[in-house]
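Below is one structure; the comments refer to it alone.
The values are calculated or read from the model by the stated rules, or taken from the named source; none is laboratory data. In this text the structure is predicted, and so the values were computed from the model without any measurement. Note that we place each Cβ from the backbone using ideal geometry, even for glycine, and neighbour counts take in every protein chain shown.
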Amino acid sequence: MKRQQIFSLWCVVFFLCLSITYNLPAHAARRALVIGISKYDNDKDELVEVRNDAKSVADALKNVGFIVAGDKAQLDLKEGDLKAKITDFIGSIQPDDTALFYFSGHGIESQLLGENFLISAEGNSAVQLELDVLDKIGEKTSAPKIVILDTCRKPSSKEEGLLKPKALPLNSIIAYGSAPQRSIVYPSQYTKTLLDHLQEPGLEITGLLRITKEHFITQSELLSQQPNEFGGLTEKFYFRQAVGISTQINTADDNLTVYINGEIQRNYSTDHSTRIRTLLKSGQNDIKIVVYNRDSFTPNKVQGGGHQKEGWNYNVDFFNDNGELIEKITDGEDGEPPDDRFGKDFVAAHGTIFVDPKSAKVTLNLSKTISNRATKSDKPNVLETVAKPVVEVVKTVAEPVVEVVKTVAEPVVNTVVKPVVNIVVTPVKKIFKKMHF
C-alpha cells in the first residue's frame, strides 16, 4: 500500500510538472516573410534587381535574429503560392511575436474598391493588402508589425498605385519605397539604403527610415520618388540592439578615469569593484585613459618626512557583451616621473572602439601615449644590448685570423728569428760575463 501511494504521488508530480511546462508562454520571436516578384507573365522585362534585393533583405533579417519564412526569400510566386505563403506565415505568428512583411514587385490601388493589392507573377491576379495581410497579422500579435513595400505607386489609366490603407492595426507601420503616384527607380535605392543601415546596432526604426529618406533628398535623380511611411509603432523597435563595452579597473595608482566619446565611463576612486557597461554607437567611438599621479609621503627620503614624486601604474580589462576579454592594457613608471606626469591628470592611452555596422563586432584599438615607460629595473643595459654583441662579432672574426697568423709565423720564428737572436745575443752574453762590476 505504501509503494502504491508513493507511485501515485510521483505520477501526480510528473503530470503537474508536465502541465506547467506545457502552459509556459513561448519566448517571443521575430518573424519575417520576404517576397520578391521579378518576373511577370505579362511583362517581358525581368526586374532582376527585385530578386537580388529580396535575397539580401532575407539574409540581413536573419543576421539580426529574424526567423525568415522558408529560411529564404520567396521569389516569383503565382497567386496560389503567394496566398499560401502568406497564410502559412500568419499561422506561425504567436501573440507576442514581432512580424515583418517585405514585398518587392508591382502593387496597385483599386479606385473602385478603394483597396490596395499586391500583384502575383501572373500579372492579372493579386493579394489584397489590408484584408489578406495587415488585418490578419494584427489579429495574431500585439507586438510591432512592420510592412515594407518597395513597389511602384504610379497610376495607370484604370488604376492607381498603392495608397495609404484606410486603417492600420495598433502598433503597426507601413514603409513605402515611393510616394503615391510615383514609380520606383531601378535598381532600387530604397532597399539598398535600408540594407546599408538595417543591421546597425542601436538604430531605432524611425531613425532608419529617416536616414533612408534623407538619402533620396540628397540625390536629385531620386528626389521625385519620395519614400514615406504610414502608421506608427507604440514602442521603440531596433533591428539590432545597441552593443556595449564593459570596463574593469584592476589597479590604478593613484587614480584612473576612462572616457568614451568624451563622457566619463569609469573612475577608479568612485567604483572599481565591478564591471561597468557603456553603450556604443555604430562606427567609431573615441576612448582615452587618463591617469592622475600625486606625490606621496616618503619619510625615508627626506629628513623628518616629506612629499616626494612617485611612480604610477594601472591595469584595465575591457570585455564585450558576451563577457569575452577583448583587451588588457597595463602601464606604469617607477621612480620619479617628469613634471608633466606628476601632481596632475595626463593621458596615458587613447584610441578608438569600432563597432562594425553590419556585424556589430567590437574592435578596440588603444595606444599608450607615454614614450618613456621603462622603469629603473627594466631600462635597457647599453653593455648588454650594444657592446656585448659587437665583442662577439669581433671575437668570431679575429679568432680564425689569429690561428692563421700563428700557423704561418711559428716556422719563421723557429728557423729565422731564433738563430739570428742567438748569433747576436751569445757574444754579448760572453762579454758581460768577463766584466766584473
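Key figures for this structure:
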{"read-out": "Criterion violated by Ala32 - all others in (1) within 16 Å of Ser104 (Cα to Cα); (2) at pLDDT below 95; (3) among the aliphatic types (A, V, I, L, M) satisfied", "value": "(2)"}
{"read-out": "One residue from Val68, Val48, Val64 being at pLDDT below 90 and of a type in the set (A, V, I, L, M)", "value": "Val48"}
{"read-out": "Sole residue being part of a helix (DSSP H, G or I) and modelled with pLDDT under 80, chosen from Glu139, Glu130, Glu109", "value": "Glu130"}
{"read-out": "Strands (runs of 3 or more DSSP E) wholly inside the stretch 297-383 that include at least 3 residues being among the β-branched types (Val, Ile, Thr), at pLDDT 75 or above and under 31 Å from the mean Cα position of the chain (by Cα)", "value": "325-333, 344-355"}
{"read-out": "Filtered residue count, the stretch 79-89, keeping only those that are surrounded by fewer than 22 Cβ atoms within 10 Å (Cβ to Cβ) and among the hydrophobic types (A, V, I, L, M, F, W, C)", "value": "1"}
{"read-out": "The stretch 247-262: number of residues that are under 26 Å from the mean Cα position of the chain (by Cα) and surrounded by fewer than 19 Cβ atoms within 10 Å (Cβ to Cβ)", "value": "5"}
{"read-out": "Filter result for Asp76 (surrounded by fewer than 23 Cβ atoms within 10 Å (Cβ to Cβ), within 20 Å of Asp53 (Cβ to Cβ) and acidic (Asp, Glu))", "value": "yes"}
{"read-out": "Positions within the stretch 191-215 being in contact with a helix residue (DSSP H, G or I) (Cβ under 7 Å, 6 or more places away or on another chain) and farther than 19 Å from Ala58 by Cα, in sequence order", "value": "Ile211, His215"}
{"read-out": "The stretch 58-73, subset buried (at least 19 other Cβ atoms within 10 Å of the Cβ) and over 20 Å from the mean Cα position of the chain (by Cα), residue farthest from Tyr190 (Cα to Cα)", "value": "Ala69"}
{"read-out": "Selection within the stretch 260-294 - closer than 25 Å to Glu200 by Cβ and acidic (Asp, Glu)", "value": "Glu263, Asp286"}
{"read-out": "Sole residue being closer than 27 Å to Phe239 by Cα and either part of a helix (DSSP H, G or I) or in contact with a Ser or Thr (Cβ under 6 Å, 6 or more places away or on another chain) (or both), chosen from Leu82, Leu100", "value": "Leu82"}
